[in-house]
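In what follows, a structure is listed as structure tokens, so that the remarks can point back to it.
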Amino acid sequence: MLPLLMFAIFRLMKVFNVAYHYADIKAFYNIALHIPDKELENYTWREIIQKVIEAQKEQNMCIHKLDLTELDIYQRILRTKNYLIALVNKSVLPTHFNIPFFGDVIYFSHGMKYNLNLLLFWGPWSPFENNWHLKPEYKQPGKRLELAQSISKTISWVALINLLLSPVIFTWQLIYKLCDNAQMVKNEPSVLSIRMWSLYSKIYLRHFNELDHELSARLSHAYEPAAKYLQSFAAPVSLIIAKNTMFFTSAIMVPILALTVYDDSILSIEHMITILSGLSLLFLICRSFVDDEKEIVCQESLMTDVLAQVHYLPDSWVGKAHTQHVRNQFSQIFLFKANYLINELISPLVTPFILFFWLRPRALEIVDFYRNYTAEVAGVGDVCAFSMMNLRKNGNPAWRSPVSRSFDQPTAKLPQVDQAEDGKLEMSLLSFSVRNPTWDPVDIEAKEFVKEIIAKTRQTYASTSEFSINPNLNHDVIGSSLYIAEIPSCLIGLDQSTRLLHKEGLTGRPNRINGSSIMNSSIFNKSSYLTSMEVNQSALLLHSIHRKQLEERGNKVSTSVSLSVHKANSNVQERTPLLKPGA
């Protein structure tokens with residue numbers, strides 16, 4: 001009873017705290033932006049951004065600069081999240097583990113995230129002296145060893161406190177999950193077999209300077225092809241077990257339900273309702289393992305559809321989407337609700353060990369990370385250098401064509417330590433430019449890069465649109481150079497008409513935009529902007545360029561480099577050392 005009472009008090013305190021902050025936000029919208037409450041739902045985020053920029057000109061809210069840009073606003077909102085994305089991108093945080101009998105496992109829970117935020121961002125011993133400035137000593141190379149020892153000691157104490165409180169936290173977590181999910185599971189037991197994007201995927205797949213609702217939109221669009229991809233794998237043993245279990249549960253349930261029509265007093269028999277509920281839950285779980293046998297699926301095509309939305313997948317998956325290895329890795333970032341709940345429940349038990357044995361030895365890397373990847377922006381404060389989206393300083397030449405690099409040779413010789421991995425900077429720049437068409441990049445190279453990618457995307461679709469049997473084209477034109485280098489094995493033996501139907505999409509949903517909308521749009525035109533679907537096609541084009549760059553340089557993508565092996569000392573060009581030479 002006492003834990004439940006404490007839980008209720010904590011939740012009530014949290015509600016009051018959130019309400020207090022929401023009151024400040026409400027006042028800002030009402031007074032500074034002149035948006036009444038009843039009109040708020042009629043505004044888009046882009047309109048809100050423009051009102052903030054106008055309010056700065058009128059009220060001079062930021063005294064350090066006259067004008068605000070879209071990038072200034074995003075950087076201030078997403079300061080810590082941009083750092084967290086970069087920490088994962090540069091493989092500083094421990095998220096991948098090799099567990100005996102389980103192999104490579106991705107683990108990142110909300111409990112782990114809370115401890116990382118406490119240690120690295122807003123805790124009393126964190127590297128930040130306030131919400132917008134890094135402590136000066138973290139910018140001095142001479143104090144790196146001293147700071148590393150301090151962080152290591154802090155992590156040790158936090159790990160010890162987590163270990164001592166693990167029984168209490170585990171009990172708290174159990175009560176929270178029961179209160180949060182019990183009613184939902186009772187009303188709809190099949191919810192446990194629904195897949196969801198893991199917490200790690202929401203960091204790994206996130207662009208720099210991407211807000212929560214923008215990320216959620218991308219992942220929501222990727223849900224259908226991701227679910228179809230995992231469902232396309234036939235597991236003979238589990239399928240046989242599921243079908244037979246469904247048969248036996250039905251054989252028990254049907255007679256009981258039929259008898260209740262004749263005499264409903266049967267339900268009053270002890271445990272009868274419990275038995276029926278358990279059998280129903282078992283039936284629904286088994287039903288999720290049985291696929292539609294009439295549907296023709298192609299894993300490579302589905303993976304291309306996923307890539308078009310999420311924008312990031314390991315190079316080692318190219319051409320191997322049909323393998324169990326890739327399927328198992330993908331299922332760790334797109335997992336069952338039940339798996340997610342289990343990961344959260346065991347978090348209080350494993351987090352202390354992750355902090356002490358995996359995070360603590362990386363204290364020096366954390367110190368070097370903050371020194372190497374922090375930039376000071378007037379009116380915004382210290383931000384992650386990658387959030388500046390400066391191709392000249394942090395871009396990766398392997399994600400750009402030779403044409404876009406020809407006018408700036410120093411970029412091609414950029415030290416690998418300065419580069420963002422996996423094309424994160426290039427993808428982020430392209431996505432941000434499209435979402436904010438009035439934003440004008442300061443970096444000329446960045447502006448030329450965006451224009452070139454958009455122009456190539458238009459050219460590709462303009463030259464192939466006449467061959468489509470559907471004006472709503474799909475991803476296959478560019479995707480063919482990624483996951484479908486040749487005719488997919490799942491289509492071999494089918495006639496041409498069946499292949500065309502497969503290209504147009506088995507679900508009937510349009511996978512690609514009409515070519516006219518591409519030709520009529522302009523990346524820096526204030527009156528029109530590229531749609532999110534156009535960004536997806538450009539993302540596929542970037543991956544195609546990257547593959548060609550690797551092949552030209554003789555760096556064939558190794559099958560050993562995958563989503564489950566994110567190490568800073570990998571041999572693939574995308575995996576680079578964190579520390580600068582001589583640091």
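The values are calculated or read from the model by the stated rules, or taken from the named source; none is laboratory data. Source: prediction; values computed, not measured. With ideal geometry, Cβ positions are generated from the backbone for all residues, glycine too; neighbour counts draw on all protein chains shown.
Checking the conditions here, which among 152, 126 is touching a residue at least 24 places away in the same chain (Cβ under 8 Å), hydroxyl-bearing (Ser, Thr, Tyr) and within 17 Å of residue 93 (Cβ to Cβ)? I'd like the intermediate steps shown before the answer.
Values: 126 fails: touching a residue at least 24 places away in the same chain (Cβ under 8 Å).
The conditions single out 152.
Write out, first by first residue and then by second, each pair whose Cβ atoms fall under 6 Å of each other, whose residues are 6+ apart or on separate chains, and whose first residue, in segment 321-333, is of a type in the set (Lys, Arg) while the second is modelled with pLDDT under 95 and surrounded by fewer than 18 Cβ atoms within 10 Å (Cβ to Cβ).
327/233
With the requirement that a residue be outside any loop (DSSP other than H, G, I, E, B) and either charged (D, E, K, R) or in contact with a helix residue (DSSP H, G or I) (Cβ under 6 Å, 6 or more places away or on another chain) (or both), what does segment 431-452 give you?
Within segment 431-452, the subset outside any loop (DSSP other than H, G, I, E, B) is 431-435, 444-452.
Of everything in segment 431-452, those that are outside any loop (DSSP other than H, G, I, E, B) and either charged (D, E, K, R) or in contact with a helix residue (DSSP H, G or I) (Cβ under 6 Å, 6 or more places away or on another chain) (or both) turn out to be 431, 433, 434, 435, 445, 446, 447, 448, 449, 450, 451, 452.
Among (1) surrounded by 10 or more Cβ atoms within 10 Å (Cβ to Cβ); (2) more than 22 Å from residue 435 (Cα to Cα); (3) modelled with pLDDT of 90 or more, which single condition is residue 10 missing?
(3)
Inspect all residues belonging to segment 53-65 and state whether any of them is without any contact (Cβ under 8 Å) to a residue 40 or more places away in the chain, farther than 30 Å from residue 376 by Cα and not in a helix (DSSP H, G or I).
No - not one qualifying residue is present in segment 53-65.
Given 251, 222, 258, 217, which one is surrounded by 15 or more Cβ atoms within 10 Å (Cβ to Cβ), at negative phi, aliphatic (A, V, I, L, M) and assigned to a helix (DSSP H, G or I)?
Working: 251 fails: surrounded by 15 or more Cβ atoms within 10 Å (Cβ to Cβ); 258 fails: surrounded by 15 or more Cβ atoms within 10 Å (Cβ to Cβ); 217 fails: surrounded by 15 or more Cβ atoms within 10 Å (Cβ to Cβ).
After applying the criteria, what remains is 222.
So if I check each of 94, 100, which one is within 30 Å of residue 326 (Cβ to Cβ), modelled with pLDDT of 95 or more and out of contact with any strand residue (DSSP E or B) (no Cβ under 6 Å at 6 or more places or on another chain)? First the steps, then the outcome.
On the way: 100 fails: modelled with pLDDT of 95 or more.
94 is the lone residue from the list that is within 30 Å of residue 326 (Cβ to Cβ), modelled with pLDDT of 95 or more and out of contact with any strand residue (DSSP E or B) (no Cβ under 6 Å at 6 or more places or on another chain).
Can we say residue 207 is over 19 Å from residue 339 (Cα atoms) and modelled with pLDDT under 95? Write out each step before concluding.
Details: over 19 Å from residue 339 (Cα atoms): yes; modelled with pLDDT under 95: no.
In short, no.
Would you say residue 83 is among the hydroxyl-bearing types (Ser, Thr, Tyr) and either modelled with pLDDT under 90 or closer than 30 Å to residue 369 by Cα (or both)? Please lay out each step first, then the result.
Values: among the hydroxyl-bearing types (Ser, Thr, Tyr): yes; either modelled with pLDDT under 90 or closer than 30 Å to residue 369 by Cα (or both): yes.
So residue 83 passes the test.
Please enumerate the residues belonging to segment 305-325 that are touching a helix residue (DSSP H, G or I) at 6+ places or on another chain (Cβ under 7 Å) and under 19 Å from residue 202 (Cα atoms).
305, 306, 307, 308, 309, 310, 311, 312, 313
So which pairs qualify, if the first residue must be in segment 257-280 and farther than 17 Å from residue 185 by Cβ, the second must be among the polar types (S, T, N, Q) and assigned to a helix (DSSP H, G or I), the Cβ gap must be under 8 Å, and the two must be at least 6 apart or on different chains?
Qualifying pairs under 8 Å: 266/260; 267/260.
Among the helices (runs of 4 or more DSSP H) contained in segment 308-400, which hold 2 or more residues that are farther than 26 Å from residue 72 by Cα and among the hydrophobic types (A, V, I, L, M, F, W, C)?
Values: elements: 324-330, 337-345, 347-354, 363-372, 391-394.
It comes to 324-330, 337-345, 347-354, 363-372.
So for segment 96-108 (the condition being touching a helix residue (DSSP H, G or I) at 6+ places or on another chain (Cβ under 7 Å), buried (at least 19 other Cβ atoms within 10 Å of the Cβ) and not aromatic (Phe, Trp, Tyr)), does at least one residue qualify?
The answer is no; no qualifying residue exists.
Quick check on segment 226-248: of everything there that is surrounded by 15 or more Cβ atoms within 10 Å (Cβ to Cβ) and assigned to a loop (DSSP other than H, G, I, E, B), which residue is modelled with the lowest pLDDT?
The qualifying residue modelled with the lowest pLDDT is 233.
If you check residue 274 against the conditions, is it surrounded by 13 or more Cβ atoms within 10 Å (Cβ to Cβ) and part of a helix (DSSP H, G or I)?
On the way: surrounded by 13 or more Cβ atoms within 10 Å (Cβ to Cβ): no; part of a helix (DSSP H, G or I): yes.
It is false that residue 274 is surrounded by 13 or more Cβ atoms within 10 Å (Cβ to Cβ) and part of a helix (DSSP H, G or I).
Is it true that some residue in segment 128-138 is in a helix (DSSP H, G or I), farther than 30 Å from residue 2 by Cβ and out of contact with any helix residue (DSSP H, G or I) (no Cβ under 9 Å at 6 or more places or on another chain)? Before the answer, list the steps.
Step one: filter segment 128-138 for residues in a helix (DSSP H, G or I), giving 136-138.
Subsequent filtering for residues that are farther than 30 Å from residue 2 by Cβ retains 136-138.
Imposing the further condition that a residue be out of contact with any helix residue (DSSP H, G or I) (no Cβ under 9 Å at 6 or more places or on another chain) reduces the set to 136.
Scanning segment 128-138, I find at least one residue that is in a helix (DSSP H, G or I), farther than 30 Å from residue 2 by Cβ and out of contact with any helix residue (DSSP H, G or I) (no Cβ under 9 Å at 6 or more places or on another chain), so the answer is yes.
Here are 184, 112: which of them is part of a helix (DSSP H, G or I) and buried (at least 18 other Cβ atoms within 10 Å of the Cβ)? Break it down into steps so the answer makes sense when it comes.
On the way: 184 fails: buried (at least 18 other Cβ atoms within 10 Å of the Cβ).
Answer to the selection: 112.
Only one of (1) without any contact (Cβ under 8 Å) to a residue 24 or more places away in the chain; (2) outside any strand (DSSP E or B) is not met by residue 71, so which one is it?
So the condition that residue 71 fails would be (1).
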